[in-house]
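*Asks:* Got a structure here, written out as structure tokens. Questions coming.
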Amino acid sequence: MSGPQQSDPRRFYELDSLRGVAALTVVFHHFSKICSPRVVHFIDRTPLRLLAAGHQAVILFFLLSGFVLTLPYKKNGRLNYGPFLLKRICRIYLPYLGALAFAILCDLHFSGPAKANDYWTHLTWSAPVTTSLVLQHILFLGNYDWSQFNTAFWSLVYEMRISLVFPFLALAVFRLRAVWVILSAAALSLAFYPLAILFSSILHLSSREAAINTTLTLHYAAFFLIGSLLAKHLHAISRWFARLTAFQASAIAVVSLALYGFSNASSIVQHFSIPGDLYDWGVAAGAIMLIVFAMNSRPFHRFLTSRTIHHLGQISYSLYLIHGTILFALIHTLLGRVPMGILLLIYLTVTLFVTEIFYRLIERPTMLLGRRLTAPRATLHPTESPLIVQPPA
């Protein structure tokens, strides 16, 4: 059964870079958590919010994952489930284990009450390191405290869960018309909260948080679907963009940045009585256009493919994994002892330095390991029968 053979021979380096820029905004976002309320209030109501758009970056990551993971499927007409999953384990899970070990070591050394007197800083390194908590982080089991070792680890739980079923999501994208994919994504997103209420009632949970943490997987899977749909219709989207006038492109860019940066702003969310996670759709609309602009706008493409920004994209996953641990080490050692401006410079310098080391020693070798383990072989052993997911003829 053959699939679509619309191959995209080039690698989208600009999307690697876009992920790097987004990862850097997560770095700034978490630093803003320890700034004074006056500074946070100012950032939240000005364009500077785009520089500290942490949660927005995660939505962009999910869209990019759906897009990039679909490209081999679109090119080759099939996905071998076993090699796909093995490569995802090497790409996502093994570096995560390295970052987890680093975070645990720092927790053991710096454990104790944080000097910052706010709720957020007391969510990490505030409880004893126990065997059960470490095993839960390793195995992704149970409703454990995802932020206890590293405040950024929560999104990786959803990334790995969705990776387990992504080939089947991609199959649905290629079998269904675009309107049905969009409606399916909306249904998944809308279902997470009612299902959480249902599960918490059936299982007699004392808190809905455990159920919500599980059903949110459906909500975030919706953005993988939309990213996959973008990849499927890549050429049509490029043709549409090419027909835009300069004024139209500029207007869309402004609206996209506004949606991306401010859709989930507290000043907007507090006026409506709907689950806050549904505001992610406004963010996603802006993020989708950022992806489109990255691939089709010459000035933006030129910026993203510059040497420095592209390298930031290469190390973006390491940056995401490491920065929280560095930040909390500094919170426990330097917060209150040096001016915040100096602390920010130290934070950025140390984070980028350690990120570079982590990328070279952990992330890059595990990524290459995944490629070696899944490289095509000349012959297949008769007993091997990989699950192949194919689009329709």
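*Asks:* Considering only protein heavy atoms, what is the solvent-accessible area of Tyr260 at a probe of 1.4 Å, reported in Å² to the nearest 10?
*Replies:* Around 20 Å² of this residue is reachable by solvent.
*Asks:* What's the Cα-based Rg to Rh of segment 288-372, Rh via Kirkwood?
*Replies:* Computed over Cα atoms, the ratio is 1.09.
*Asks:* While we're here: For the chain, with every protein chain kept in place, what is the accessible area per residue (1.4 Å probe, Å²)?
*Replies:* Value for the chain: 49 Å² per residue.
*Asks:* Can you give the Rg to Rh ratio for the chain, taking only C-alpha atoms and Rh from Kirkwood?
*Replies:* The Rg/Rh ratio comes out at 0.96.
*Asks:* Could you sort the peptides 299-309, 218-228, 86-96 by per-residue average Cβ neighbour count (10 Å cutoff), highest mean leading?
*Replies:* Numbers: 299-309: 14.0, 218-228: 25.5, 86-96: 19.3.
Averaged packing, sorted descending, gives the order 218-228, 86-96, 299-309.
*Asks:* P(r) tail for segment 77-173, what percent of Cα pairs lie past 21 Å?
*Replies:* Values: 1935 of 4656 pairs.
Considering segment 77-173, 42 percent of its Cα-Cα pairs are separated by more than 21 Å.
*Asks:* Starting from 0 in steps of 10 Å, tell me what percent of the Cα-Cα pairs of segment 123-211 lands in each bin.
*Replies:* 14, 31, 34, 17, 4, 0
*Asks:* Run lengths n ≥ 4 of DSSP H only: what is the helix-derived mean residue ellipticity at 222 nm for the chain, with -39500 (n - 2.57) per run over all residues, to the nearest 500?
*Replies:* Details: 18 runs with 265 residues, N = 393.
Rounded to the nearest 500, the figure is -22000 deg cm²/dmol.
*Asks:* May I pose another question? What is the extension gain from Thr305 to Arg38, computed as 0.36 nm multiplied by their sequence separation minus the C-alpha to C-alpha distance, in nm to one decimal?
*Replies:* Between Thr305 and Arg38, full extension yields an extra 92.5 nm.
*Asks:* If each Cα of segment 229-362 is one equal point scatterer, what is log10 of I(q)/I(0) from the Debye formula at q = 0.16 Å⁻¹?
*Replies:* -1.08
*Asks:* A further question on this structure: If packing is taken as the average count of other Cβ atoms within 10 Å, what order do 352-364, 49-61, 145-157 fall into, highest mean first?
*Replies:* Working: 352-364: 17.5, 49-61: 22.5, 145-157: 20.7.
Listed from highest to lowest mean packing, they are 49-61, 145-157, 352-364.
*Asks:* Let me ask something additional. Rounded to the nearest 0.05, what FRET efficiency is calculated for Phe247 and Ala375 with R0 set to 41 Å and r the Cβ-Cβ distance?
*Replies:* For Phe247 and Ala375, the calculated efficiency is 0.25.
The values are calculated or read from the model by the stated rules, or taken from the named source; none is laboratory data. All values reported here derive from a predicted model rather than from experimental measurement. Glycine gets a Cβ as well: all are built from the backbone with ideal geometry, and neighbour counts include every protein chain shown. Quick note on the areas: whole protein, heavy atoms, side chains included, nothing else; ligands and nucleic acids left out. Shrake-Rupley method; radii C 1.70, N 1.55, O 1.52, S 1.80 Å.
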